[in-house]
Amino acid sequence: MGTARGAQFIVPLHFFAAAVIFLATFLVVAQASNGQTNSDLAAARRHAGHLQHGINLSEWFAQVYDAKGYTKEHFQTWDTATDIALIKSAGFDHVRLSVNPQPMMDAGRRRGASDEYFGYLDAAMKMILDAGLAVEVDMHPDSDFKAKLAKEDEFVERFSDFWYMVAHHYSSWDSDRIFFEILNEPEMRDPYRWYGVETKLAAAIRRGAPSNTIIAAGARWDDDDDLVFLEPLPDPNVVYVFHFYEPHIFTHQGATWGSYYWKWLKGLHYPSSPENAAQVATLVPEARDHMQVIRYGQDHWDATRVEAEINQAGDWAKQHGVPLVCNEFGVFRTFSDPQDRSRWLTDVRTALERHNIGWAMWDYSGSFGVVTNRDTKAKLDEVMVKALGLTMPAGQ
């Protein structure tokens with residue numbers, strides 16, 4: 001399923017697209033002839049049963065912006081067995097473990113450093129599995145890493161080799177409950193390029209782990225419109241993924257990343273109303289951005305509007321006959337009203353469940369978190385737990 005190391009990867013788009021379609025068709029037909037396709041698709045659907053109610057473990061093996069970086073102390077103390085037990089007791093059945101591949105790839109160049117890094121990751125994986133949870137190993141690099149994948153064939157080769165090593169390392173652990181997510185939010189503007197890169201990376205994972213289910217995404221930000229452009233990969237043992245933060249103007253109000261004007265927003269309600277939006281719009285200095293806030297109020301974002309968006313992803317999965325999960329959705333906590341946040345979470349979660357789409361909320365203890373007071377004793381947010389259809393554990 002892989003290509004020879006060192007082979008040229010970039011070709012004119014029309015030849016590239018035709019070659020990918022031919023390869024996909026050939027492999028699917030070949031697998032069908034020996035009965036593998038149906039059994040592997042059944043495995044993907046069975047494994048997806050472990051991904052119904054999840055939570056993202058962020059800022060542990062990825063998104064570590066502390067000046068000290070990825071240290072032994074951080075790996076051993078950020079999330080502990082107490083956190084994992086709390087996640088299990090709340091009714092979550094899996095976690096999505098974000099892993100930045102760059103530090104691990106860099107460690108591989110230093111004698112013994114790779115083994116040390118794998119030791120920390122092994123301990124985290126064992127802790128999660130021993131608690132009875134499934135785990136998505138989510139390759140979650142920074143944007144500069146993804147920019148290299150978009151332009152440099154040699155870097156694609158390096159990442160492919162790295163993915164083979166990781167997949168092979170964990171292939172003997174628990175193939176039913178360990179999932180390999182190819183890449184978080186690829187940020188690749190050329191969807192044809194991404195399809196080729198993703199196909200190559202999936203093949204490397206499959207060589208390393210013949211039985212584990214792979215998680216595949218669309219080209220840019222894992223949005224639902226990225227998903228519906230995607231053609232399923234030639235590997236049938238794949239679960240497809242999308243993220244849902246619509247409308248971003250509500251879920252990311254007050255955020256200092258993304259659209260510049262979000263940082264001005266505060267107290268924008270959900271469901272949306274023209275009156276509230278007009279009031280919040282006065283906080284935004286630029287006329288064009290002011291207009292975006294007004295539009296949010298006029299667009300009547302509510303449960304019906306959310307359902308209409310998620311319908312598109314659900315229909316795509318049905319059309320292609322593949323399992324689907326939404327492994328990121330959530331609301332930035334700082335400037336959103338708790339009850340508005342709860343209503344949005346409830347509407348998204350129930351829409352996903354109506355389509356039998358498993359989910360993982362973003363995130364456990366970060367700025368979107370279901371947990372507060374992590375610096376002392378982690379405390380679950382009861383309003384958010386109930387919005388997710390779960391039950392507060394005793395003693396919380």
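Out of the helices (runs of 4 or more DSSP H) lying entirely within segment 69-140, which hold 3 or more residues that are buried (at least 18 other Cβ atoms within 10 Å of the Cβ)? Of the helices (runs of 4 or more DSSP H) lying wholly inside segment 69-140, those with at least 3 residues that are buried (at least 18 other Cβ atoms within 10 Å of the Cβ) span 81-89, 101-107, 113-130.
Being at pLDDT 95 or above, in a helix (DSSP H, G or I) and open to solvent by 60 Å² or more (accessible area, probe 1.4 Å) is true of residue 144.
Checking the structure you have, find out if any residue of segment 363-374 is free of Cβ contacts under 8 Å to residues at least 12 places away in the same chain, under 18 Å from residue 58 (Cα atoms), not basic (Lys, Arg) and not in a strand (DSSP E or B). Yes - at least one qualifying residue is present in segment 363-374. Residue pairs whose Cβ atoms lie under 9 Å apart, sitting 6 or more positions apart in sequence or on different chains, and linking a residue in segment 159-179 that is within 17 Å of residue 48 (Cα to Cα) to a partner that is open to solvent by 40 Å² or more (accessible area, probe 1.4 Å) and at pLDDT below 95, are 176/46. Please find, within segment 285-300, the residue that is most open to solvent (accessible area, probe 1.4 Å) out of those that are outside any helix (DSSP H, G or I) and touching a Pro at 6+ places or on another chain (Cβ under 8 Å). Out of the qualifying residues, it is 300. Pairs linking a residue in segment 301-314 that is in a loop (DSSP other than H, G, I, E, B) to a residue that is open to solvent by 40 Å² or more (accessible area, probe 1.4 Å) and among the acidic types (Asp, Glu), with Cβ atoms under 9 Å and 6 or more positions apart or on different chains, are 301/246. Can you tell me how many residues in segment 346-362 are under 22 Å from residue 89 (Cβ atoms) and in a loop (DSSP other than H, G, I, E, B)? The number of residues fulfilling the criteria is 1. When 182, 178, 215, 205 are checked against the criterion of being among the hydrophobic types (A, V, I, L, M, F, W, C), more than 20 Å from residue 104 (Cα to Cα) and open to solvent by less than 10 Å² (accessible area, probe 1.4 Å), 215 stands alone in meeting it. Are any of the residues in segment 242-255 open to solvent by less than 20 Å² (accessible area, probe 1.4 Å), among the small types (Gly, Ala, Ser) and either closer than 26 Å to residue 182 by Cα or assigned to a helix (DSSP H, G or I) (or both)? No, that holds for no residue. For residue 157, the requirement of being acidic (Asp, Glu), closer than 22 Å to residue 200 by Cβ, open to solvent by less than 30 Å² (accessible area, probe 1.4 Å) and over 15 Å from the mean Cα position of the chain (by Cα) is met. Every condition in (1) among the acidic types (Asp, Glu); (2) open to solvent by less than 10 Å² (accessible area, probe 1.4 Å); (3) closer than 24 Å to residue 136 by Cβ is met by residue 353 except one, and the failing one is (2).
Scanning segment 177-207 for residues that are of a type outside the set (D, E, K, R), farther than 14 Å from residue 165 by Cα and not in a loop (DSSP other than H, G, I, E, B) yields 178, 179, 191, 192, 194, 195, 196, 197, 199. Within segment 65-111, being among the small types (Gly, Ala, Ser) and at pLDDT below 95 holds for 67, 69, 107, 108.
Between 173, 194, 163, the distinction of being open to solvent by 10 Å² or more (accessible area, probe 1.4 Å) and hydrophobic (A, V, I, L, M, F, W, C) belongs to 173 only.
Taking only pairs six or more apart or across chains, which ones have beta-carbon atoms under 8 Å, a first residue in segment 202-217 that is within 14 Å of residue 239 (Cα to Cα) and of a type in the set (Lys, Arg), and a second residue that is in a helix (DSSP H, G or I) and open to solvent by less than 10 Å² (accessible area, probe 1.4 Å)? Every condition considered, the pairs that remain are 206/167. Hey, does segment 87-101 have a residue that's out of contact with any helix residue (DSSP H, G or I) (no Cβ under 8 Å at 6 or more places or on another chain) and of a type in the set (A, V, I, L, M)? Yes, that holds for at least one residue.
The values are calculated or read from the model by the stated rules, or taken from the named source; none is laboratory data. Everything numeric in this text was worked out from a predicted model, so none of it was measured. Reconstructed Cβ throughout: ideal geometry from the backbone, glycine too, with neighbour counts over all protein chains shown. Note: areas computed on protein heavy atoms with side chains; ligands, DNA, RNA excluded. Shrake-Rupley method; radii C 1.70, N 1.55, O 1.52, S 1.80 Å.
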